[in-house]
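The values are calculated or read from the model by the stated rules, or taken from the named source; none is laboratory data. This is a predicted model, so every value here is computed, not measured. With ideal geometry, Cβ positions are generated from the backbone for all residues, glycine too; neighbour counts draw on all protein chains shown. Surface accessibility is based on the protein's heavy atoms, side chains included, excluding ligands, DNA and RNA. Shrake-Rupley method; radii C 1.70, N 1.55, O 1.52, S 1.80 Å.
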Amino acid sequence: MSLKSVASRRKFLLMSAVPLAIAIKACQGNPPDPKAPQATEGALPAKPSAPIDSTQVSLYGAGATFPSFLYLRWFKDYNQQNPNIQISYQPVGSAAGIQQFLSGTVDFGASELALTDQELAQVTRGAAMIPTAAGSVAVVYNIAGVQSGLKLSRKVLPEIFLGKIKKWNDPAIASLNPNVTLPDLPITVIHRSDGSGTTAAFTAHLSATSPEWKNEVGTGLNVSWKTGTGIKDNAGISAQVQQGEGVIGYVEYAFAKQLNLATAALENKSGQFALPTEDGTAKAIATIKLSEDLRGSNADPDAAEAYPIVTYSWVLAYQQYDDPKQAQALKEVLKWGLTQGQVMGLELGYVPLPEAIVKKAIAALDKIGSGKK
């Protein structure tokens with residue numbers, strides 16, 4: 001996809017946009033490194049072999065990068081308390097996570113989009129969708145001298161990502177930020193190149209606020225972008241924003257928080273400009289109504305002070321496992337994450353699940369290993 005900016009900026013992005021990601025394993029104590037290299041895009045890591053020691057239980061999952069920081073913390077801490085349970089997780093994106101879950105090459109998947117009815121029908125072992133995390137999608141940027149809080153309205157945000165607003169000092173942006181000195185600098189748009197739940201949440205919001213976006217681009221894990229350069233995963237977007245002046249992109253807020261990225265204040269449905277704070281995100285998450293099977297979203301929360309782009313993240317588990325020890329271990333890990341693990345999300349950039357959702361999620365764990373469909 002071409003960038004509508006000067007040639008030198010396009011060259012910079014294309015040469016530096018090496019696929020970047022996080023390699024996460026429960027037994028590792030190091031934090032995710034957004035600049036760590038990863039295998040070629042599209043290549044899915046193989047499921048590790050089972051441990052030789054019969055007392056050990058190994059679980060392998062893959063999927064969304066959105067909950068990476070939280071899952072790393074959970075799986076590391078749980079393994080320290082239960083050394084016989086080892087959980088490995090590869091953040092390959094929601095689309096790849098769903099693909100691997102449907103093909104049965106993982107023990108669990110992860111996604112910001114719950115499975116559709118058509119996808120559920122493909123899972124012969126049955127599926128349980130467990131909401132485990134909640135958070136926001138931050139719009140992040142790099143403008144020298146302009147810190148977090150740059151205001152972007154419901155009209156301006158989609159026009160930037162449509163390529164219609166091309167410079168940072170465009171009157172449409174300047175009028176929203178009268179006390180900010182904006183540079184005469186091209187806007188360099190970056191977006192996810194891989195199938196992404198973060199993209200799904202972001203584009204769903206743009207579709208809800210812009211008829212032009214809805215008609216010309218739409219919503220999904222992958223969309224046909226009108227402008228910008230594709231970068232792999234949340235870590236890759238974060239690294240590119242850090243490196244390139246004039247760049248704008250979107251990431252799960254935990255990445256913006258951990259890396260101190262400048263985040264925009266977005267206009268919500270109530271006409272207020274909100275940052276992805278704990279309070280603003282929690283207010284928005286509270287507006288999402290989940291179905292009996294725990295699926296749901298809200299692309300444009302109407303609560304006052306709500307941050308406008310939020311989502312749940314789900315673990316995709318099977319209802320039947322060949323090894324009953326795996327089923328029991330996964331249930332125990334997820335129950336621990338839904339209870340003791342929730343508070344860990346606050347320091348990382350997530351918000352705790354509403355209490356009513358936690359109760360329903362814990363009840364849904366009974367489907368795992370039961371064979372009930």
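Segment Asn179..Lys151, full-extension length gain: 9.0 nm, with 0.36 nm per residue of separation and the alpha-carbon distance subtracted. Each Lys or Arg adds one and each Asp or Glu takes one away; over the other residues whose Cβ falls under 13 Å from the Cβ of Leu152, this sums to 0.
When only the Cβ of Lys, Arg, Asp and Glu is charged (+1, +1, -1, -1), the dipole of region 96-171 relative to its Cα centre reaches about 520 debye. In terms of distances greater than 19 angstrom between alpha carbons, the cross-link table entries Lys167/Lys226; Lys155/Lys214; Lys151/Lys289 yield Lys151/Lys289. Taking Leu346, Leu72 and ordering them by how much accessible surface each has at a 1.4 Å probe, largest first, produces Leu346, Leu72. For Lys289, the shell of other residues with beta-carbons less than 14 Å away shows a net charge of -2, using +1 for Lys and Arg and -1 for Asp and Glu. Only the Cβ atoms of Lys and Arg (+1) and of Asp and Glu (-1) were treated as charged; on that basis the dipole of region 193-262 about its Cα centre amounts to roughly 60 debye. Ranking Pro352, Ile362, Leu338 by how far each Cα lies toward the positive end of the dipole of region 309-367 (charges on Cβ) leaves Ile362 at the top. Only Cα pairs under 8 Å and 6+ residues apart enter the sum, and on that basis the relative contact order of region 169-220 stands at 25 percent. In this label model, Gln340 and Ser291 are separated by 3.4 nm, measuring between points 7 Å along each Cα→Cβ vector. Accessible area per residue was computed with a 1.4 Å probe on protein heavy atoms; Trp225 scores about 30 Å².
Taking the charge dipole of region 101-237 about its Cα centre, with +1 at Lys and Arg Cβ atoms and -1 at Asp and Glu Cβ atoms, the residue from Asn142, Ile130, Ala174 reaching farthest to the positive side is Ala174.
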